[in-house]
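Quick note: the coordinates plus some simple rules give every number you see, no bench work behind them. These numbers come from a predicted model, not from an experiment. Cβ: placed from backbone, ideal geometry, glycine included. Neighbour counts: every protein chain shown.
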Amino acid sequence: MNEQQTWIEIQREFYAPIDAVWNMWTYPEMFKQWYGPMGMSVPVAEMDVVVGGTRKVCMKMVSPERTMSMWFTGGYKEVNSPTRLVHTESMCDQNGTLISPQSMGVPEGHPDITEVIVNLREVEGKTI
């Protein structure tokens, strides 16, 4: 089977030391404060940040019309504090059972598993 790979690179500059940015990716209570698109909260972030550890995250949006929750699960493949974090992410239900992206209204062709790579480096007191 021929799998199509799509790469997206997002670069950001933070006026914070690298350890603070690393902690925002790896400590559940800190992660919940910033992760997700605008308008969504993160009420659940279960994260065992070790190689082979698992993660389960819920993003929730409340609007006058409805409340929508999206669950994601995955595992940690690389944990090199404070510079590199690699984990997988798949859509799931609140019990952690995998579901297809299409069952949540995502268009055909979206991968069942996404690999997220976070590379951090500190330059002059900023993290990029």
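Things worth noting here:
- Taking Glu13, Glu46, Glu89 in turn, the Gaussian network model of the chain (Cα-Cα springs below 10 Å) assigns the largest fluctuation to Glu13.
- The phi torsions of segment 114-126, fed into the Karplus equation with coefficients 6.51, -1.76 and 1.60 and a -60° offset, translate into couplings of 10, 9, 10, 10, 10, 10, 10, 8, 9, 9, 6, x, 10 Hz, rounded to whole numbers, with Gly and Pro shown as x.
- Kirkwood radius for segment 3-58, taken over all pairs of different Cα atoms as the inverse mean of 1/r, rounds to 13.2 Å.
- Under 24 Å, Cα to Cα: Lys pairs in the chain, sequence gap 8 or more or different chains: 5
- Reference-scaled alpha-carbon Rg (2.2 N^0.38 Å with N residues) for the chain: 1.12
- Going from the residue with the fewest nearby Cβ atoms within 10 Å to the one with the most, Leu85, Leu98 rank Leu98, Leu85.
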